[in-house]
1. For the stretch 199-216, what are the residues that are in a helix (DSSP H, G or I), at pLDDT below 95 and not small (G, A, S)?
2. Pick from the stretch 15-37 the residues that are farther than 18 Å from A134 by Cα and touching a residue at least 12 places away in the same chain (Cβ under 8 Å): which of them is surrounded by the most Cβ atoms within 10 Å (Cβ to Cβ)?
3. Take the stretch 124-152 and flag every residue that is under 15 Å from G90 (Cβ atoms) and outside any loop (DSSP other than H, G, I, E, B).
4. May I ask you to list the residues in the stretch 181-209 that are among the small types (G, A, S) and under 29 Å from N123 (Cβ atoms)?
5. Just one of T154, T143 is surrounded by fewer than 23 Cβ atoms within 10 Å (Cβ to Cβ), on the phi < 0 side of the Ramachandran plot, touching a residue at least 24 places away in the same chain (Cβ under 8 Å) and touching a helix residue (DSSP H, G or I) at 6+ places or on another chain (Cβ under 6 Å); which is it?
6. Kindly evaluate D224 against the criterion of being surrounded by 13 or more Cβ atoms within 10 Å (Cβ to Cβ), in contact (Cβ under 8 Å) with a residue 24 or more places away in the chain, over 18 Å from L113 (Cβ atoms) and among the charged types (D, E, K, R).
7. Any residue in the stretch 83-99 that is surrounded by 18 or more Cβ atoms within 10 Å (Cβ to Cβ), in contact (Cβ under 8 Å) with a residue 24 or more places away in the chain, in contact with a Leu (Cβ under 9 Å, 6 or more places away or on another chain) and among the basic types (K, R)?
Amino acid sequence: MPDDLLVIIPTRGRPHAIPQLMQAWDDTGAAAHVLFAVDTDDPELAGYRQHAAALKGDPRVRFTFGKRRRLVGTLNAQAVKAAKDYRYLGFMGDDHRPRPAAMAWDARIRECLSGGPGIVYGNDLLQGENMPTAVAMTSDIVTTLGYMCPTGFTHLCVDLVWLNWGTATGRITYLPDMVIEHLHPANGKAALDAGYEEANSDAMVTADTAAYYDYRDNGGLEADLDKLRKLIEEAS
């Protein structure tokens, strides 16, 4: 079983998503490892611990329980650690679901990223090519930058950063037939809950939009692109 791809899924308030995601793994024949990152102050913590115990014998699955860092903080903390052990790192929300296809989605990711530093994403049936709401990249990108997402963000707009990294370096691939469906209230595929209300509040939209423009326009993006171009040059 390949063990070179880890998908990190920060999750909060949705323990019901765990069996649904693992069913999607089984339905698609995925061998990718998955790490569920759970907050210890989650009101639904007991449900997560029950799923962790039930999945203890599955070699694909790990749980981590820690203090709340929000999505970007959690993803960065786990990605930096995992970059030492995995060739490829992925991110999905707990509201993403990979769908069956002729070739398993994780095999497509490996195929696309096998040629060196790069980013790949599929069709989430909501944003499509416009935004990698679920993404995978070579772990050397995380090692080179020291993060999977710029640290000034909390939850939103990091998909735009991934798009900027990949587009500016010419190392991004969109696979329209690799469906990783985004079950979101915006497309009527999920009910509005506390997590969505918090993540899409006016305050969050304002703060993360400002963080994105600051990163893009005030040197942060260009500094990261310089590092990524050097990485690509050294790898070629």
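1. Correct list: empty.
2. Filtering the stretch 15-37 for residues that are farther than 18 Å from A134 by Cα and touching a residue at least 12 places away in the same chain (Cβ under 8 Å), the one surrounded by the most Cβ atoms within 10 Å (Cβ to Cβ) comes out as P15.
3. V135, A136, M137, T138, S139, D140, I141, V142, listed by residue number.
4. Scanning the stretch 181-209 gives A186, G188, A190, A191, A194, G195, A199, S201, A207.
5. T154
6. yes
7. Within the stretch 83-99, one or more residues are surrounded by 18 or more Cβ atoms within 10 Å (Cβ to Cβ), in contact (Cβ under 8 Å) with a residue 24 or more places away in the chain, in contact with a Leu (Cβ under 9 Å, 6 or more places away or on another chain) and among the basic types (K, R).
Here is a yes/no grid of residues against (1) of a type in the set (A, V, I, L, M); (2) more than 22 Å from D106 (Cβ to Cβ); (3) not in a strand (DSSP E or B):
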| residue | (1), (2), (3) |
| --- | --- |
| P19 | no, no, yes |
| D26 | no, no, yes |
| L35 | yes, no, no |
| V38 | yes, yes, no |
| H51 | no, no, yes |
| T64 | no, no, no |
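The values are calculated or read from the model by the stated rules, or taken from the named source; none is laboratory data. None of the values given here were measured: they were computed from a predicted structure. Note that each Cβ is placed from the backbone with ideal geometry, even for glycine, and that neighbours are counted across all protein chains shown.
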